[in-house]
Amino acid sequence: MMGPPSQSLQEYVLIEQDKAQVEIYKREGVLWKITRVKGLETSVILNSIGVEIDLAKIYFRVKLHEET
């Protein structure tokens, strides 16, 4: 079982492998705020490293499953 994330960790990202969806977890004090971004036309902003990335770039050359 994993313990709590390090106090220095401020943000982490989970990227879906078969659909255009990214979850960004940002520390707000002792709690974590979750932002879910969907769709190739959207982008994610990672404040901790000052970067904005288009989902189309993340999923370039990835075969995505159709949503039903």
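The values are calculated or read from the model by the stated rules, or taken from the named source; none is laboratory data. It should be emphasised that the depicted structure is a prediction, and the values quoted were computed from it without experimental measurement. Neighbour counts are summed over all protein chains in view; Cβ atoms, including those assigned to glycine, are modelled from backbone coordinates with ideal geometry.
Here are some notes:
- Among the residues of this structure, Ser48 counts as one that is on the phi < 0 side of the Ramachandran plot and modelled with pLDDT under 95.
- Scanning region 20-30 for residues that are loosely packed, with under 15 Cβ neighbours inside 10 Å and assigned to a loop (DSSP other than H, G, I, E, B) returns Gly29, Val30.
- Filter result for Lys33 (exposed (fewer than 14 other Cβ atoms within 10 Å of the Cβ) and closer than 21 Å to Gln10 by Cα): yes
- For region 39-52, filtered to residues that are under 22 Å from Ser8 (Cβ atoms) and outside any loop (DSSP other than H, G, I, E, B), the residue that is nearest to the chain's Cα centre (by Cα) is Val44.
- Selection of region 40-63 for residues being loosely packed, with under 12 Cβ neighbours inside 10 Å and polar (S, T, N, Q) yields only Asn47.
- If you go through region 28-68 and keep only what is farther than 15 Å from Asp18 by Cα and among the aliphatic types (A, V, I, L, M), you end up with Val30, Leu31, Ile34, Val44, Ile45, Leu46, Ile49, Val51, Ile53.
- Within the option set Arg36, Arg61, being part of a strand (DSSP E or B), free of Cβ contacts under 8 Å to residues at least 40 places away in the same chain and of a type in the set (D, E, K, R) holds for one residue only, Arg36.
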